[in-house]
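The values are calculated or read from the model by the stated rules, or taken from the named source; none is laboratory data. Every value quoted in this text rests on a predicted model; they were computed, and no experiment measured them. Quick reminder, even Gly has a Cβ in these numbers, built from the backbone with ideal geometry, and neighbours come from all protein chains shown.
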Amino acid sequence: MATITLDTLRKEFDNGRIVAVDDLSVAVEDGEFITVVGPSGCGKSTTLRMVSGLESPTSGRILVGDEDVTDQHARTRDVAMVFQNYALYPHKTVMENMAFGLRMSTDLSKAERRERVRETAQMMGIEELLDDKPDELSGGQKQRVALGRAIVREPDVFLFDEPLSNLDAKLRTTMRTEIQRLQNDLGITSLYVTHDQEEAMTMGDRIVILKDGKLQQVGRPKDVYENPANEFVGGFVGSPSMNFLDVSVEREGNHVVLVNDDSSFSYRLSESFSADLRETTHETEVRIGIRPEDVTPASDGSNLIDSTVGVVEPIGSDNYLHLDIAPDFIARVDSDIEPETDETISITFDESDLHVFHPKTGESLK
Ligand code: ATP
């Protein structure tokens with residue numbers, strides 16, 4: 001069983017002036033693929049380096065299965081790491097690069113090592129590269145070799161540190177699928193660090209979102225997308241980003257009406273939504289979030305909001321309409337909806353797609 005347990009894991013630098021990882025607790029299940037995502041400096045790499053043993057925690061524990069590996073040397077941990085810069089030995093051939101880790105971690109004979117490398121290379125489609133040196137390979141080939149070198153060791157745990165960042169967009173998509181397929185076939189518990197929310201969302205069984213070293217949310221991509229724990233997660237996950245608007249909470253009988261005077265935004269909530277909201281908060285001002293794909297143009301019905309179209313950005317299948325409801329407010333609509341700049345259109349959205357956040361803490365209220 002290769003579960004990974006991070007138990008109130010903490011890493012400080014500079015005599016505590018920098019808290020890179022702030023009491024992080026995450027339990028990774030056996031065979032699970034977890035992506036770790038967040039903005040630059042949020043502590044992703046430091047977390048991974050602690051799991052690998054390259055960095056030692058200030059406090060907290062790391063368990064692989066039932067074994068506490070917190071104080072174990074990197075070399076004795078059964079984890080394999082794949083880096084962004086590939087970290088291949090330039091003077092060794094692909095065969096030697098892949099066999100090297102095996103020499104350090106197993107007592108296989110040279111012939112057995114070469115056989116295992118050959119089998120893995122075949123599985124990865126890089127058999128014809130075995131006699132090449134790294135500088136003869138393309139970026140994609142180097143990353144395949146780096147992956148192969150990790151896989152050949154048959155580790156308990158895979159750690160990936162932004163492995164696809166140096167590849168072009170098309171190759172990145174191909175490699176994403178390839179890594180997922182390999183991980184599925186091999187069932188090796190994996191932690192995968194990326195700053196790319198789309199990569200994190202598409203690859204992870206579950207996604208861990210960090211900010212300033214602190215855990216913001218952990219969950220299945222769909223759950224995190226639909227029920228962000230706070231405003232930061234709402235804005236970080238999804239593209240284009242969630243639209244935000246500050247509104248006041250007004251009463252109208254049993255209904256709550258959300259109002260923003262600057263943009264003549266007024267949205268009347270149903271009785272049940274109003275009751276739920278009043279139960280969770282007494283704030284008179286809240287911040288609401290609505291995803292661009294949930295905003296729809298409409299000509300009749302209730303809760304119509306008038307807005308002026310700024311830029312119309314075509315992206316092929318859809319158009320992004322920039323609306324003057326709030327700064328950077330975008331509606332993602334079908335490409336056959338093409339209003340003119342400065343045209344006034346009415347939009348609306350389903351109440352069920354509305355997110356409500358605390359105006360100060362940012363925590364989700366509904
Ligand atoms: P990026 O996406 O830019 O790689 P990250 O999320 O991986 O960022 P970390 O590299 O883990 O972030 O860094 C977290 C914080 O710890 C940052 O503020 C960073 O400057 C700091 N930090 C990391 N390593 C050290 C170190 N060796 N000494 C001092 N500060 C460090």
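Within region 18-44, the set of residues being within 9 Å of the ligand (Cβ to nearest atom) and surrounded by fewer than 19 Cβ atoms within 10 Å (Cβ to Cβ) comprises ILE18, VAL19, PRO39, SER40, GLY41. Pairs meeting the criteria (first residue in region 26-50 and of a type in the set (A, V, I, L, M, F, W, C), second residue within 6 Å of the ligand (Cβ to nearest atom), beta carbons under 6 Å, at least 6 apart or on different chains) are VAL36/LYS44.
Which count do you get for residues in region 54-71 that are assigned to a loop (DSSP other than H, G, I, E, B), more than 15 Å from the ligand (Cβ to nearest atom) and of a type in the set (Gly, Ala, Ser)? Steps first, answer last, please.
Applying the first criterion (assigned to a loop (DSSP other than H, G, I, E, B)) to region 54-71 yields 54-58, 65-66, 69-71.
Then keep just the ones that are more than 15 Å from the ligand (Cβ to nearest atom); that gives 65-66, 69-71.
Imposing the further condition that a residue be of a type in the set (Gly, Ala, Ser) reduces the set to 65.
Number satisfying all stated conditions: 1.
Would you check which residues across region 336-365 are small (Gly, Ala, Ser) and more than 24 Å from VAL237 (Cβ to Cβ) and list them? Of everything in region 336-365, just one residue is small (Gly, Ala, Ser) and more than 24 Å from VAL237 (Cβ to Cβ), namely SER346.
Here the strands (runs of 3 or more DSSP E) wholly within region 1-52 that include at least 1 residues being more than 19 Å from the chain's Cα centre (by Cα) are 4-13, 18-28. Within region 84-91, not a single residue is surrounded by fewer than 15 Cβ atoms within 10 Å (Cβ to Cβ), at pLDDT below 90, outside any helix (DSSP H, G or I) and more than 16 Å from the ligand (Cβ to nearest atom).
The rows are residues; the columns are (1) touching a residue at least 24 places away in the same chain (Cβ under 8 Å); (2) of a type in the set (D, E, K, R); (3) touching a strand residue (DSSP E or B) at 6+ places or on another chain (Cβ under 7 Å).
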residue: TYR267; (1), (2), (3): yes, no, yes
residue: GLU285; (1), (2), (3): yes, yes, yes
residue: GLY316; (1), (2), (3): no, no, no
residue: LEU321; (1), (2), (3): yes, no, yes
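Among the residues making up region 30-44, a single one is touching a strand residue (DSSP E or B) at 6+ places or on another chain (Cβ under 6 Å) and polar (S, T, N, Q): THR35. Would you confirm, using the coordinates I've provided, whether GLY235 is touching a residue at least 12 places away in the same chain (Cβ under 8 Å), surrounded by fewer than 18 Cβ atoms within 10 Å (Cβ to Cβ) and either within 16 Å of the ligand (Cβ to nearest atom) or within 21 Å of ILE288 (Cβ to Cβ) (or both)? The answer is yes for GLY235.
Let's see how each residue does on (1) of a type in the set (D, E, K, R); (2) in contact (Cβ under 8 Å) with a residue 40 or more places away in the chain; (3) exposed (fewer than 15 other Cβ atoms within 10 Å of the Cβ):
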{"site": "PRO327", "(1), (2), (3)": "no, no, yes"}
{"site": "ARG332", "(1), (2), (3)": "yes, yes, no"}
{"site": "GLU340", "(1), (2), (3)": "yes, no, yes"}
{"site": "ASP353", "(1), (2), (3)": "yes, yes, yes"}
{"site": "SER364", "(1), (2), (3)": "no, yes, no"}
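Inspection of region 260-272 finds no residue satisfying the criterion of being under 31 Å from the mean Cα position of the chain (by Cα) and not in a loop (DSSP other than H, G, I, E, B).
Within region 241-261, the only residue that satisfies the criterion of being in contact with an Asp or Glu (Cβ under 9 Å, 6 or more places away or on another chain) and free of Cβ contacts under 8 Å to residues at least 12 places away in the same chain is GLY253.
Residue by residue through region 55-107, note down the ones that are of a type in the set (Asp, Glu) and within 29 Å of LEU6 (Cβ to Cβ).
GLU55, ASP66, GLU67, ASP68, ASP71, ASP78
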